[in-house]
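A.B. asks: Dropping a structure here in structure tokens format, bear with me for questions.
None of the figures in this text is laboratory data; all of them are computed from the coordinates on show. Source: prediction; values computed, not measured. Note that we place each Cβ from the backbone using ideal geometry, even for glycine, and neighbour counts take in every protein chain shown.
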Amino acid sequence: MEVIVASSDASVTDPGTAPAADRRTRRASATPQPYDFRRPIQLSREHSRMLQLAFDDFCRQATTVFTSSLRTVCGVSLSSIEQRTYAEYVDSLDASTYLTSFSAEPLFDRGVFEIPLVAVMTCVDHMLGGPGRLEQPERPLTEIEASVASGMIQRLLGELRYSMASIVAFEPVVRGVEYSPQFVQVAGASDVMVAASLELRINDRTFRMTMCMPFSGLLPHLLRAAAPVAVSERERAQRAQAAAELADQFQRVPVEVAVSLRPTSINPAQLATLRPGDALRLRHPAAAPLEVVVDGTCFAHATPGTSGFRLAALIVGTPKENA
């Protein structure tokens, strides 16, 4: 069941006086947005960010795997991370493709890593010493081709383990390979999944790869990874001691302090005519205190004086007190 929820706009403007661009903007913002009650749990922005960081790391490692295996210029980048049902994910795939189902306990029971069949044949062609022709046969792999491709898939899943280590530690295990999406039943048709779309570039050709994982298996580990880490009494005491030592060290840092008069402005012509012995009238009243300055910031006021045979300044106030 879907309910249409329309957003409201509290501002009221005369349609005859409102600009056309504003009217178009209001019409666009007032477009009803569908809400599906079958998906009450949504992938939050924080969890999406965690998955994006993990898949970005996986893309960097996958680029190294493809480049070293194919011995040609390759690149992998993340296109999007979406939440969809398993039926929607299957419908988005080609009728014939290369799907690897794998388990990743305790992260989830079954996931799918999909690479277009043409891309797999191109990779096998490169790994077997071929030129990676543009036209590749779209058929199931032979025993030798499947052995070559499975080694590359194992390396890619191993890199997935390292990239997801910040969320949870797991060991991916390949469970099977299929060429038709309809035959890979890793979840129910209405089960909510997290589908990541990746872009594989081999020389000048680009292919779309996907990875699908159950949202119910990811969510507990995402919540645990995003939760604040509990701090023990010992760690709290160590942090307090470190903060006290840092504050103590700051008190011992030497700073350069200057006692100055108020600035006086003259024009370039007067400055150019100054000669030794000339007197310059300062704009500092005789009764006004001097400014105690550190790095151009006045933090106190003082009056001139002496301490023995040395010049000194007596602190008489701060700018805040004077204000």
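A.B. asks: Take the Cβ-Cβ distance between Ser232 and Val255 as r, set R0 to 41 Å, and report the resulting FRET efficiency rounded to the nearest 0.05.
C.D. replies: Once rounded, the FRET efficiency stands at 0.65.
A.B. asks: Here's another thing I want to ask about it. Return Tyr179, Tyr98, Tyr86, Tyr162 ranked ascending by Cβ neighbour count within 10 Å, so the fewest neighbours appear first.
C.D. replies: Listing Tyr179, Tyr98, Tyr86, Tyr162 from fewest to most nearby Cβ atoms yields Tyr162, Tyr179, Tyr86, Tyr98.
A.B. asks: Okay, moving on. Hull surface divided by four, with the convex hull built on the Cα atoms of the range 64-164: how many nm²?
C.D. replies: If you wrap the Cα atoms of the range 64-164 in a convex hull and average its projections, you get 7.5 nm².
A.B. asks: Moving on to the next point. If you take the square roots of the eigenvalues of the alpha-carbon gyration tensor of the range 185-273 and sort them as a ≥ b ≥ c, do you get rounded (a/c under 1.5), prolate (a/b over b/c) or oblate?
C.D. replies: Oblate.
A.B. asks: For q values of 0.26 Å⁻¹, compute log₁₀ I(q)/I(0) with the Debye formula on a Cα-only model of the range 118-167, without solvent.
C.D. replies: The computed values of log10 I(q)/I(0) come out as -0.95.
A.B. asks: Moving to a separate point now. Where does the charge balance sit around Leu99 when Lys and Arg score +1, Asp and Glu -1, over other residues with C-beta under 12 Å from its C-beta?
C.D. replies: Summing Lys and Arg as +1 and Asp and Glu as -1 gives -1.
A.B. asks: Can you put Phe215, Phe250 in order of Cβ neighbours within 10 angstrom, beginning with the fewest?
C.D. replies: Phe250, Phe215
A.B. asks: State, to one decimal in nm², a quarter of the convex hull surface area for the C-alpha atoms of the range 206-323, i.e. the direction-averaged projected area.
C.D. replies: Over all viewing directions, the range 206-323 projects a mean Cα-hull area of 21.8 nm².
A.B. asks: While we're on this one: For the range 126-141, in order, what is each residue's ³J(HN,Hα) by Karplus, 6.51 cos²θ - 1.76 cosθ + 1.60 with θ = phi - 60°, in whole Hz (x at glycine and Pro)?
C.D. replies: Values, residue by residue: 5, 5, 8, x, x, x, x, 4, 5, 9, 10, x, 9, 8, x, 6 Hz.
A.B. asks: Could you work out how much longer the chain between Asp295 and Asp278 gets when fully extended? Use 0.36 nm per residue separation minus the Cα distance between them, nm to one decimal.
C.D. replies: Computed gain between Asp295 and Asp278 is 3.2 nm.
A.B. asks: Among the trypsin sites (Lys or Arg not before Pro) in the range 167-273, which ones are in a DSSP loop with at most 16 other Cβ atoms within 10 Å of the Cβ? Mind listing them?
C.D. replies: Answer by residue number: Arg252.
A.B. asks: Using only alpha carbons, build the gyration tensor for the range 45-226 and give me the equivalent ellipsoid semi-axes, biggest first, whole Å.
C.D. replies: Computed over the range 45-226, the values are 26, 18, 14 Å.
A.B. asks: I would also like to ask the following. Looking at the range 214-270, which GluC sites (Glu not before Pro) are in a loop (DSSP not H, G, I, E or B) and have at most 12 other Cβ atoms within 10 Å?
C.D. replies: Filter output for the range 214-270: Glu256.
A.B. asks: Okay, moving on. Output ³J(HN,Hα) for the range 53-68: one whole-Hz value per residue in order, computed from phi by the Karplus curve 6.51 cos²θ - 1.76 cosθ + 1.60 with θ = phi - 60°, and x for Gly and Pro.
C.D. replies: 5, 5, 6, 5, 5, 5, 5, 5, 6, 5, 4, 5, 5, 5, 5, 6
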